[in-house]
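Asker: I have a structure I would like to understand better, so I am pasting it below and will then ask my questions one at a time.
The values are calculated or read from the model by the stated rules, or taken from the named source; none is laboratory data. Just so we're clear, the structure is a prediction, and the values are computed from it rather than from any experiment. Using ideal geometry, Cβ is built from the backbone for each residue, glycine included, and neighbour counts are taken over all protein chains shown. Heads up: the accessible areas ignore ligands, DNA and RNA and are worked out on the full protein's heavy atoms, side chains in. Shrake-Rupley method; radii C 1.70, N 1.55, O 1.52, S 1.80 Å.
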Amino acid sequence: MNYKLFDIEGLVLLEPKVFSDERGFFFESFNEKKFNEIIGNKVKFVQDNHSFSKKNVLRGIHFQLPPFDQGKLVRVIDGEVLDVAVDLRKSSKTFGNWVSVVLSSKKNNQFWIPEGFGHGFIVRSKTAHFLYKTTNYYNKESEGSIIWNDRMLNIDWGTEEPTISNKDLLADAFKDDYTF
């Protein structure tokens, strides 16, 4: 498995070795031992989620506060998305910085987003099936969100008019007092 590290500590883009022939393809989508070696930490996943969205649907920027914060291993099994992670760890030298990556079913790549990050994505293909493993269970009381077009973050989503849920339209502006 190949991987790429980013200037924001903790984020990792994973690219599996795909074995293709005239029948189709095979790849190992998750190997706990290899994954833990790459990220340098032992991770236990407790929940898998699957979302389906249409083109220009933007979901996020979501997070859960401690003690219910979640690490996420995300991937697209059909389609393509622009995936974004925002560093919300106040003690981090990259607090408030963000990284975007393109995840697609053609690349079979995955993005590791550890605890302490906000997360969102926008669909760039006609539709997309988006899967993610989480390190903690969903907890409604600890969830938070940041408005998608926050001026301080200035994220380039590739569109000015995404389709957004009412909940996400009412999200807060970026703050400097997150408790990660």
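Asker: Helix-derived [θ] at 222 nm for the chain: sum -39500 (n - 2.57) over DSSP H runs of at least 4, divide by residue count, nearest 500? Walk me through the numbers before you get to the answer.
Answerer: Details: 2 runs with 12 residues, N = 180.
Taking each H run of at least 4 residues, the total per residue is -1500 deg cm²/dmol.
Asker: Also: Say R0 is 41 Å: what FRET efficiency, to the nearest 0.05, do Lys175 and Val46 get from their beta-carbon distance? Walk me through the numbers before you get to the answer.
Answerer: Details: r = 28 Å, r/R0 = 0.67.
The computed FRET efficiency comes out at 0.90.
Asker: Here's another thing I want to ask about it. Rounded, prolate or oblate: which one fits segment 28-120, using the alpha carbon gyration tensor with axes a ≥ b ≥ c (rounded when a/c is under 1.5, else prolate when a/b beats b/c, else oblate)?
Answerer: Values: a/c = 1.64, a/b = 1.13, b/c = 1.45.
Judged from the Cα gyration tensor, segment 28-120 comes out oblate (a/c at least 1.5, b/c at or above a/b).
Asker: Next up: Write down Rg/Rh for segment 87-152, rounded to two decimals, with Rg from the C-alpha atoms and Rh from the Kirkwood relation over Cα pairs.
Answerer: So for segment 87-152, dividing Rg by the Kirkwood Rh gives 0.96.
Asker: Pairs of Cα atoms under 8 Å, at least six residues apart: use those to get the relative contact order of the chain, whole percent. Intermediate results must be reported in sequence, preceding the final value.
Answerer: Numbers: 405 pairs, mean separation 52.9, N = 180.
Relative CO of the chain lands at 29 percent.
Asker: While we're on this one: What order do Phe63, Phe68, Phe6 take when sorted by accessible area (1.4 Å probe), most exposed first?
Answerer: Working: Phe63 20, Phe68 75, Phe6 40 Å².
Solvent-accessible surface, decreasing: Phe68, Phe6, Phe63.
Asker: Can you give me the distance in nm between label points at Lys34 and Lys17, each placed 7 Å from the Cα along the Cα-to-Cβ direction?
Answerer: Placing both labels 7 Å along Cα→Cβ, they lie 0.7 nm apart.
Asker: For the chain, with equal point scatterers placed on the C-alpha atoms only and solvent neglected, what are the log10 I(q)/I(0) values from the Debye formula at q = 0.10, 0.13, 0.17 1/Å, to two decimals?
Answerer: The Debye formula, applied to the Cα set alone, gives -0.37, -0.64, -1.12.
Asker: If amide H atoms are built 1.01 Å from N in the plane of the peptide, which residues on other chains or at least 5 residues away come under 5 Å of the amide H of Thr135?
Answerer: It is Val46, Gly71, by chain and number.
Asker: Here is a follow-up. What residues from segment 55-79 fall in the zone where the backbone N is under 20 Å from a label point 7 Å along the Cα-to-C-beta line of Asn166?
Answerer: Counting only backbone N, you get 57-62.
Asker: Using the Karplus equation 6.51 cos²θ - 1.76 cosθ + 1.60 (θ = phi - 60°), what ³J(HN,Hα) coupling, rounded to whole Hz, does each residue of segment 117-132 give in order, writing x for Gly and Pro?
Answerer: 3J(HN,Hα) across segment 117-132, in whole Hz: 10, x, 9, x, 8, 10, 7, 9, 9, 4, 8, 8, 9, 10, 10, 8.
Asker: Continuing with this model, one more query. Using heavy-atom solvent-accessible surface (probe 1.4 Å) with all chains present, what is the largest-first order of Met152, Met1? Write out the running numbers ahead of the final one.
Answerer: Working: Met152 140, Met1 65 Å².
If we order Met152, Met1 from most to least accessible, we get Met152, Met1.
Asker: Size of the dipole of the chain about the Cα centre, Lys and Arg at +1 and Asp and Glu at -1 on the beta carbon, nothing else charged, in debye to 20? Please report the intermediate quantities before stating the final value.
Answerer: On the way: 24 positive and 25 negative charges, 76 e Å.
Rounded to the nearest 20 debye, it is 360 debye.
Asker: When Lys and Arg each count +1 and Asp and Glu each count -1, what net charge do the other residues less than 13 Å away from Phe174, Cβ to Cβ, add up to? Walk me through the numbers before you get to the answer.
Answerer: Values: positive: Lys90, Arg151, Lys175; negative: Asp87, Asp150, Asp172, Asp176, Asp177.
In short, -2.
Asker: With the Cα gyration tensor of segment 1-73 giving a ≥ b ≥ c as the square roots of its eigenvalues, does the rule (a/c under 1.5 for rounded; else a/b larger than b/c for prolate; else oblate) give rounded, prolate or oblate?
Answerer: Working: a/c = 1.85, a/b = 1.23, b/c = 1.50.
It comes out oblate by the Cα gyration axes.
Asker: If you don't mind, another one. State which entries of Lys106/Lys126; Lys106/Lys133; Lys44/Lys175 exceed 24 angstrom in Cα-Cα distance in the structure shown.
Answerer: Violating the 24 Å limit, Cα to Cα: Lys44/Lys175.
Asker: Considering the dipole of the chain built from charges on the beta carbon (Lys and Arg +1, Asp and Glu -1) around the Cα centre, which of Ile77, Gly158, Ile113 is farthest to its positive end?
Answerer: Toward the positive end, the furthest listed residue is Ile77.
Asker: Calculate one ³J(HN,Hα) per residue across segment 160-177 by plugging θ = phi - 60° into the Karplus curve 6.51 cos²θ - 1.76 cosθ + 1.60, and present them in order as whole Hz with x for glycine and proline.
Answerer: Going residue by residue, I get 9, 9, x, 8, 10, 5, 4, 4, 6, 5, 9, 5, 7, 6, 4, 10, 10, 10 Hz, with x marking Gly and Pro.
Asker: Shifting gears a bit: Any idea how far apart Lys106 and Tyr138 come out in nm if each label point goes 7 Å out from Cα toward Cβ?
Answerer: It is 3.1 nm.
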